[in-house]
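Note sheet for the following structure.
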Amino acid sequence: MWIHDNIPDLSGKTAIVTGANTGIGYETAKALYVAGADVIIAARDLQRAKDAKEKMIAEVKGRGSLEIQLLNLASLSQIKTFSQTIQEKYPQVDILINNAGVMIPPPAKTDDGFELQFGVNFIGHFALTGNLFGALKRSDAARVVTLSSGAAIRASGIDFNNLRLEKSYDAWREYAVSKLADILFTYALDRKLKAANFNMISAAAHPGVTRTDLQRHIPAEELKGLFAQFDEVMEPWQGALPTLFAATDPNASGGVFYGPDGDKEYTGYPAPSRHSTPAMNDPVLAKQLWDYAEEVTQVKFNF
Ligand SMILES: NC(=O)c1ccc[n+]([C@@H]2O[C@H](COP(=O)([O-])OP(=O)(O)OC[C@H]3O[C@@H](n4cnc5c(N)ncnc54)[C@H](OP(=O)(O)O)[C@@H]3O)[C@@H](O)[C@H]2O)c1
């Protein structure tokens, strides 16, 4: 059973956690701080980020440091500004946790016109990782961990003609597509890193079923019914463990999807996920997605 005590010493490492003001991101940032990392709490609201930092300091005695930085993943220009600020302040980035996410919101678009879930969950993190790639390469062993979901198995492909709300909105379908995109990105990035012989890994993680603010768009009555389907629901500290394993454990590998080891992967302790579909492992779809993302973001990874 892999728990927080297994996290190695992270002194001297710089870690960025997106959406670190609450939920799984909060618990991830806190654990990295305890283990000695210099952690950047990246959040779209500075007050919420500040509150989170103060709460962490009140809850634990960290051996690292905590800094807050504004990052709205629904804006490509803000992602660029954030990345420039980070590169000016830090010589390298060792751990990037692409954690922020939005689930089944009312139909909306990002500043750049993407359907909100696809835009924040995938496009934003693609652009962020690409913009920070130089800083990641300067680390002697960088890790990029991208949060996906068991919901990714419900998407059998990506409709490239419906990523900007062109067709009728199906909130759950769009969420699943965004999380499939996160997996395709994770695996494609890892293949490219291996081909370029970089000492950097790209892995994915999911937190099973964890009680967080993610469910904020589900009406209370419906939410009760939804959670009633599950025998157990995890608290955020436990939901963060697969991410923490992928980001810190010496035995974690690139190109692997980590999740909780329980029967249906709703709860448990970190292990390679059994969630796998033809779409998740389709290199042609992965290339199409990568090319699309490069074109629409104008962000190129310098391998
Ligand atoms: N909880 C689960 O059971 C579950 C299951 C599978 C996958 N996941 C994944 O786990 C990750 C973390 O989710 P969570 O459960 O911890 O949910 P959460 O408590 O709602 O946290 C999501 C975080 O993302 C941030 N965020 C949303 N839109 C953003 C934007 N445009 N720019 C920057 N940050 C933004 C939120 O900021 P605000 O607080 O400002 O809104 C919040 O910090 C997500 O990727 C989610 O898809 C969760």
- Can A286 be described as open to solvent by less than 10 Å² (accessible area, probe 1.4 Å) and either assigned to a loop (DSSP other than H, G, I, E, B) or out of contact with any strand residue (DSSP E or B) (no Cβ under 6 Å at 6 or more places or on another chain) (or both)? yes
- Restricting attention to the stretch 90-125, and to residues there that are part of a helix (DSSP H, G or I) and aliphatic (A, V, I, L, M), which single residue is least open to solvent (accessible area, probe 1.4 Å)? I123
- Message: Please pick out the residue among S77, S65 that is touching a strand residue (DSSP E or B) at 6+ places or on another chain (Cβ under 7 Å) and open to solvent by 30 Å² or more (accessible area, probe 1.4 Å).
- Response: S65
- Message: With among the aromatic types (F, W, Y) and under 22 Å from A20 (Cα atoms) as the only criterion, which of Y175, Y169, Y187 stands out?
- Response: Y175
- Got at least one residue in the stretch 28-47 being more than 27 Å from D249 (Cβ to Cβ), in contact with a strand residue (DSSP E or B) (Cβ under 9 Å, 6 or more places away or on another chain) and buried (at least 17 other Cβ atoms within 10 Å of the Cβ)? yes
- Query: So which residues in the stretch 94-148 are farther than 14 Å from L71 by Cα, out of contact with any strand residue (DSSP E or B) (no Cβ under 8 Å at 6 or more places or on another chain) and near the ligand (Cβ under 8 Å from one of its atoms)?
  - Reply: V102, M103
- Look through G130, G101 and report the one residue that is farther than 13 Å from T18 by Cα, modelled with pLDDT of 95 or more and of a type in the set (G, A, S). G130
- Message: What pairs come out if I take residues in the stretch 207-226 that are among the charged types (D, E, K, R) and pair them with residues that are open to solvent by 40 Å² or more (accessible area, probe 1.4 Å) and within 10 Å of the ligand (Cβ to nearest atom) whose C-beta lies under 9 Å away, six or more apart or interchain?
- Response: D213/T22
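The values are calculated or read from the model by the stated rules, or taken from the named source; none is laboratory data. Bear in mind the structure is a predicted one, so any value in this text is a computation, not a measurement. Methodologically, a virtual Cβ is constructed for each residue, glycine included, from the backbone with ideal geometry; neighbour enumeration extends over all protein chains shown. Ligands, DNA and RNA are excluded from the accessible area calculation, which covers all protein heavy atoms including side chains. Shrake-Rupley method; radii C 1.70, N 1.55, O 1.52, S 1.80 Å.
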